[in-house]
1. On the first, second and third principal axes, largest extent first, how far apart are the outermost C-alpha atoms of the range 141-271 in Å?
2. For the range 196-303, give the share of DSSP beta bridges that are antiparallel, in percent and rounded to the nearest 5; count only bridges with both residues there.
3. Find, to one decimal place in angstroms, the Kirkwood hydrodynamic radius of the range 195-266, where the mean of 1/r is taken over every pair of different Cα atoms and then inverted.
4. How high is the relative contact order of the range 196-303? Use alpha-carbon pairs under 8 Å, at least six apart in sequence, and give a whole percent.
5. Which residues does a label at residue 286 reach in the range 176-200, if reach means a backbone N under 11 Å from a point 7 Å past the Cα toward the Cβ?
6. Please state, to two decimals, what the Cα-based radius of gyration of the range 231-306 comes to when divided by 2.2 N^0.38 Å (N = residues).
7. Taking neighbour Cβ counts within 10 Å as the exposure measure, how do 124, 161 sort from fewest upward?
8. Enter the Cα centre distance for the pair the range 153-188 and the range 1-61, rounded to the nearest angstrom.
């Protein structure tokens, strides 16, 4: 049976690309049958990356049968995985997020969690000398993952190692990584085809803070006005999404990639309190700008408090 490789729900570029990278490595280098899968439709940036490098979109995972061999990438949070993930036979985890807890395995497994900005960087390291054998499309996806997760090195999660690997891949591919990153971010910024509820779920993760469960949504864009112009509809949809998804509150951060700041929508007193206690900003209206806020993993989640 082929190993099923997948990342988190609401797949971004890293959770779309990393399963493809690792499936290539297992199939072509390790001779282990493996398939890349998705737990949802990729966002607009990830869809652009697949088209740019001529790669087929991985199939949706569907029902996960008990004892299916799986490899989890770009997450270790059960909230972001199939409900019956602990019934699967988890072979390994490759991730760059903090440990959440709650996963159970049927035996000892390989776990690689490193303080790097991107899962693809970790995979490049794990391949060692075999990384040079990656075909052009796989190198392109790996570069895309790193540029996406680092926001072209603007994110505070960026390490010198992430940057070095990205620059090496760009050199191998013969492309200007900054020009290419701009193309990716333009694709990510085009959200006109999505409903308000879809935007709130597009790049989001569920986290509990004390007794409050949040869906933390981040929309990274070079054109924040197009999203903020929909502010009223987005805030009106928050209650519906929260009820449907079993959370207490949706938090939406619109990250301006170029200005390196985030706008938090403030629909109620709870979010106003979160803004004040978590980020030391006073929200006097229905939104507040937080300078320098770029990373959910490093700046938002660790500071969330109620």
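1. 48, 32, 23
2. Numbers: 15 of 23 bridges.
Taking every DSSP beta bridge with both residues in the range 196-303, the antiparallel ones total about 65 percent.
3. Values: mean 1/r = 0.0814 Å⁻¹.
By the Kirkwood definition, the hydrodynamic radius is 12.3 Å.
4. 23
5. none
6. On the way: Rg = 12.0 Å, N = 76, 2.2 N^0.38 = 11.4 Å.
Cα-based Rg divided by the globular estimate yields 1.06.
7. On the way: 124 27, 161 17.
With the fewest neighbours first, 124, 161 line up as 161, 124.
8. 19
Every read-out reported here was derived from the displayed coordinates using simple, explicitly stated rules and does not represent laboratory data. Since the structure is predicted, the reported quantities are computational estimates derived from the model, not experimental observations. When we count neighbours, we look across all protein chains shown, and the Cβ atoms used for this are built from the backbone with ideal geometry, even at glycine.
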